[in-house]
C-alpha cells in the first residue's frame, strides 16, 4: 500500500512497497507526467515529486493515485547504454566463491542480464543498477576500502554500481570501465539516469 506524504512546500513523497513498486510508479508517472511536476526523484523505497504553482499537492496526490501501472504503458523511448567492462576486479574470485559459480560464469551472467537504473545517489553519476541475475546477489565487503578506483564496476545486494570517481566504498569489485559516468560538459552530466536500460559488454569479446 503506497502512502503519500507532504515534503516541504512543493513536494510529494510517495512511500512504496518495494524497489519494484518504485520503479513501476516512476516509469508510469514519467510516461504521463501530471501537470505541474518539475522533477521525479526515485530512491530504494520512495518516489519524490516536486511541483510548481500550476498544481496543488491535493491535485497531484489524486493524479498519482490514478496513474496507470508500468505494465500498462509502452516502454519509455530511451536508448540503451552499453558499458564496456574489463572483468579483472579484485573481488571477482570472492564473488565466484560466495555464489558458488565459476568466474567465467559470473562474467557471462553479468553480461546476459537485463539491467536498468533504479535510482542514483551516493556520489554524482553513481547509479544503482537493478535487474541483474539474482544468482549474483552478494553482500558488501565486511570492511570497505578507503580508495576505490574510478570506473570500478561492482556488486552489492541486488545492484550493480560503477564508481564515477575515486573514493571509499564497500562494494564487491568485479571489473572496470573507461565510460565517463559524470561530465558537466554534457547536456545531461550523468551518463546513467533512472529508467535507463544498461547492457554490460566484456572488452575484447
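The numbers here are math on the coordinates, done by the rules we state, and not lab data. Quantities reported herein were computed from a predicted structural model and do not represent experimental measurements. Every residue, glycine among them, receives a Cβ derived from its backbone with ideal geometry; neighbour counts consider all protein chains shown.
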Between the Cα axis of helix 19-31 and the main Cα principal axis of the chain, the angle (0 to 90°, nearest 10) is 50
If you average the sequence gap of Cα pairs under 8 Å that are 6 or more apart and divide by the length of the chain, what percent do you get for the contact order? 21
With N residues in the chain, what two-decimal value do you get for its Cα radius of gyration over 2.2 N^0.38 Å? 1.10
Label-zone membership for region 117-136, site residue 184, 7 angstrom Cα→C-beta point, backbone N under 14 Å: 124-125
Give me the distance in nm between label points sitting 7 Å out from Cα along the Cα-to-Cβ direction at residue 38 and residue 59, one decimal. 1.6
With a Förster radius of 22 Å, plug the Cβ-Cβ distance of residue 66 and residue 5 into 1/(1 + (r/R0)^6) and report the FRET value to the nearest 0.05. 0.75
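What FRET efficiency would be calculated for the residue pair residue 80, residue 18, taking the C-beta separation as r and a Förster radius of 22 Å, to the nearest 0.05?
Numbers: r = 25 Å, r/R0 = 1.12.
Result of the calculation: an efficiency of 0.35.
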Separation of the residue 104 and residue 165 label points, Cα + 7 Å toward Cβ, nm: 4.0
For 101, 162, 174, what's the fewest-to-most ordering of other Cβ within 10 Å of each Cβ? 101, 162, 174
If the label point sits 7 Å along Cα→Cβ of residue 135, residues of region 96-110 with amide N under 11 Å come out as 99-110
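Multiply the residue separation of residue 112 and residue 88 by 0.36 nm, subtract the distance between their alpha-carbon atoms, and state the gained length in nm to one decimal. Don't jump to the answer; show the numbers that get you there.
Values: separation 24, 0.36 × 24 = 8.64 nm, distance 1.76 nm.
Length gained, residue 112 through residue 88: 6.9 nm.
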Part-to-part distance (alpha-carbon centres) for region 72-141 and region 1-67, which is given in Å: 27
Helix 103-112 sits at what angle to the longest principal axis of the chain, using alpha carbons and giving 0 to 90 degrees rounded to 10? 30
